Amino acid sequence: MSALMLAVALPCAVQAASPALQLTPGHDDIQLSPYLTYRHDSGAVDEADDAFRRAAMGEFAPLPHGQSEFGFQPGAYWFHANLRNENPQEPRWVLVQQYALSDYVDLYVRYPDGRVFHQASGDHRPFNSRSIHDRHPNFQFDLPPGENVELLVRVQSESSMQVPLALFTTTAFASLARDAQFAIGIYYGILLALFFYNFVLWLTLRDASYFWYLFHLSAFGMVLFTLNGLGFEYLWPNSAWMTDKSVPLSICLALIGMQQFARTFLELKKRFPRGNVVSLALIGFFVLLGIASLWLPYRVSTPIAARAVLVGVLWIAVAGIVVVRRGYMPARLFMLAWSMFLLGTTMFTLIAFGILPKTFYTEYGVQIGSALEMLLLSIALGNRYASLRKENERIVSDANQKLERKVAQRTQEVRSALVQLEEAHGRLRDSSRRDGLTGLYNRTYFHEAFEKMLVEGRQSHQAVSVLMIDLDHFKAINDRHGHLVGDDCLRCTAQRIGKVLRVHDALLARFGGEEFVVGLPRHDLHDAVEVAESLRRSLVESPCSAQGHNVRISASVGVHTIAPGTVDDIDAALEIADRALYAAKANGRDCVKTSISAA
């Protein structure tokens, strides 16, 4: 605790510079956003004493437009406020982080005597660490009446950075928690009633639409169960891994259920074949994303899944409009139901990325919209069943020849859809070899292709060289101009290097970050050094134009040659070239070093 204490004069200076929020009688629940200042610690390196010092020096800023939603952000966020309790009847208060998915939430309370009180919470810590067993991270602490107290909150999370902090008396928090549990109970009660009602109908009718409706209802119920923090509270209170993986996985399952239900209900195979292919492709993507989410970091899989929600719901709306325009009457009630869900999920996605502020309607719009959607879809299923029964009576009265033609047509449509899906998978396999930012080959493909280049070099008794290229001081470019400028600089660099290498039959790939790697067949050390110097000069001759900035780029290059007859494998060659690269950096950067000169 002594490491967290500062000099007594420092808190006095803070309290004098920043007026304290007065907690007066009659105010037992307070949203803190208007009273907070914040700082983004992008490297997540500051300790509490550093944050207190920065707050005292005025390095914290008011929340932008009073909103505490920042989207998916790296590092940690610090929030600071000064409090003064003027209510002697309420010495005990509860601070609540009203977003359930924050990984790490730390509270530091500094009292006038310099004492610092610390509590830790978040869904990457055991659920029992919370002061009060509630789905939201919370902290119970003392606010002595008549004393100025400093409040410091640190939040670090791979999920969306939403920090709606609120302060409650213990009585007010208990009342809020009771009301929230009641509302959640009503919502899940509606879902359970709809589930069992339609489950009985599915057992009776064996209609695939009812099965996929049940699948969609169950999966989306699990999505909200997870997003509301109830999964962490009741199902996996000590598993940070399950907490992270359950969000993107449940979203993918819900998206699969939505697409399959829409396909069967709207009869896309018959009424919108091209749309059916799109839906199948989306289902394939959601399946792959769900499997990949078991290994992908949360900060990668969840933003993709959140965007996929909006894409999936919008596509179903498009397919529904097309089917309605083609005269399918049950689709009208389907579209009414889907508009409710579309509105709610759109608000959910925009909140996650910090585009919309967090209000009651935006926060709970997805629950309200989904409940209305499930109810209307259940009605639409009954309406559709009646329509299908009439249509089946008409189909039975048709001639067998007409029926056979329809069967053949549908079979051909399915075959066509499978062929197009296979083509889409082929394109996906090809794109896996490419770096998404620069369009160059990625590191995995370079290993495969360079291994073949080494084998050909041995067989033809010709030298093969490898260049390791690293952009100098690239982190400073990102820090000074932003990552969008940095991305443009990487693309510019890739184009210039590719232009120089065009005549050398070279293999160029992005190795990672700001590093590139080049394989040069039939180039000895002297030739490879000349190519490396050409690359280096092409980068420094003129700046890169990025987002209205002219950014000068230079690079350090390490060169290694595998002579004919030697048996260097790819990993050994890359390691030697990497050592030469580090020698170039140690020599002042913006130069070329060979494995011989670096030895």
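The values are calculated or read from the model by the stated rules, or taken from the named source; none is laboratory data. Computed from a predicted model, the values in this text were never measured in an experiment. Cβ: placed from backbone, ideal geometry, glycine included. Neighbour counts: every protein chain shown. With ligands, DNA and RNA removed, areas are computed over all heavy atoms of the protein, side chains included. Shrake-Rupley method; radii C 1.70, N 1.55, O 1.52, S 1.80 Å.
Being farther than 30 Å from PHE182 by Cβ and either open to solvent by 40 Å² or more (accessible area, probe 1.4 Å) or in contact with a His (Cβ under 8 Å, 6 or more places away or on another chain) (or both): is that true of GLU147 here? Against the criterion (farther than 30 Å from PHE182 by Cβ and either open to solvent by 40 Å² or more (accessible area, probe 1.4 Å) or in contact with a His (Cβ under 8 Å, 6 or more places away or on another chain) (or both)), GLU147 qualifies. The C-beta contact set for the stretch 44-57 (first residue in contact (Cβ under 8 Å) with a residue 60 or more places away in the chain and basic (Lys, Arg), second residue open to solvent by less than 40 Å² (accessible area, probe 1.4 Å) and part of a helix (DSSP H, G or I), distance under 6 angstrom, 6+ apart or interchain) is empty.
A quick yes/no check of all residues on (1) of a type in the set (D, E, K, R); (2) surrounded by 20 or more Cβ atoms within 10 Å (Cβ to Cβ); (3) out of contact with any helix residue (DSSP H, G or I) (no Cβ under 9 Å at 6 or more places or on another chain):
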{"position": "ALA546", "(1), (2), (3)": "no, yes, no"}
{"position": "ASN550", "(1), (2), (3)": "no, no, yes"}
{"position": "SER554", "(1), (2), (3)": "no, no, no"}
{"position": "ALA572", "(1), (2), (3)": "no, no, yes"}
{"position": "ALA584", "(1), (2), (3)": "no, yes, no"}
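I'd like to know if the stretch 82-96 contains one or more residues that are in contact with an Asp or Glu (Cβ under 7 Å, 6 or more places away or on another chain), over 20 Å from GLN31 (Cα atoms) and open to solvent by 20 Å² or more (accessible area, probe 1.4 Å). No.
The set of residues in the stretch 203-240 being open to solvent by 40 Å² or more (accessible area, probe 1.4 Å) and among the polar types (S, T, N, Q) consists of THR204, SER218, ASN238. Counting only residues that are among the hydrophobic types (A, V, I, L, M, F, W, C) and not in a helix (DSSP H, G or I), the stretch 14-71 holds 13 of them. Pairs linking a residue in the stretch 105-120 that is on the phi > 0 side of the Ramachandran plot to a residue that is surrounded by fewer than 20 Cβ atoms within 10 Å (Cβ to Cβ), with Cβ atoms under 6 Å and 6 or more positions apart or on different chains, are GLY114/MET5; GLY114/VAL8. Tallying residues that are under 33 Å from the mean Cα position of the chain (by Cα) and not charged (D, E, K, R) within the stretch 545-576 yields 11. The condition of being within 22 Å of ALA317 (Cβ to Cβ), open to solvent by 80 Å² or more (accessible area, probe 1.4 Å) and modelled with pLDDT under 65 holds for only one of ILE379, ILE355, that being ILE355.
Would you check if there is a residue in the stretch 255-264 being under 22 Å from LEU101 (Cα atoms) and at pLDDT 90 or above? Checked against the condition, which is being under 22 Å from LEU101 (Cα atoms) and at pLDDT 90 or above, the stretch 255-264 yields at least one hit.
When ALA577 is tested against the conditions (1) in contact (Cβ under 8 Å) with a residue 24 or more places away in the chain; (2) exposed (fewer than 14 other Cβ atoms within 10 Å of the Cβ), the lone failure is (2). Can you confirm whether VAL531 is within 25 Å of GLN459 (Cβ to Cβ), in contact with a Leu (Cβ under 7 Å, 6 or more places away or on another chain), part of a strand (DSSP E or B) and among the aliphatic types (A, V, I, L, M)? Considered against the rule, which asks whether it is within 25 Å of GLN459 (Cβ to Cβ), in contact with a Leu (Cβ under 7 Å, 6 or more places away or on another chain), part of a strand (DSSP E or B) and among the aliphatic types (A, V, I, L, M), VAL531 comes out as no. Being part of a helix (DSSP H, G or I), in contact with an Asp or Glu (Cβ under 7 Å, 6 or more places away or on another chain) and not hydroxyl-bearing (Ser, Thr, Tyr), is that true of even one residue in the stretch 539-546? Yes. Screening ARG522 on (1) over 36 Å from the mean Cα position of the chain (by Cα); (2) without any contact (Cβ under 8 Å) to a residue 60 or more places away in the chain; (3) at positive phi shows it passes everything except condition (2).
Of all residues being among the basic types (Lys, Arg) and either under 25 Å from GLN67 (Cα atoms) or part of a loop (DSSP other than H, G, I, E, B) (or both) in the stretch 305-352, which is modelled with the lowest pLDDT? Just the residue, please.
Within the stretch 305-352, the match that is modelled with the lowest pLDDT is ARG307.
Among the listed residues THR243, THR264, which satisfies the condition of being of a type in the set (Val, Ile, Thr) and surrounded by fewer than 20 Cβ atoms within 10 Å (Cβ to Cβ)?
Values: THR243 fails: surrounded by fewer than 20 Cβ atoms within 10 Å (Cβ to Cβ).
None of the other options fit; the residue is THR264.
Of the residues making up the stretch 281-300, those that are modelled with pLDDT of 90 or more, surrounded by 16 or more Cβ atoms within 10 Å (Cβ to Cβ) and touching a Ser or Thr at 6+ places or on another chain (Cβ under 8 Å) are LEU289, SER293.
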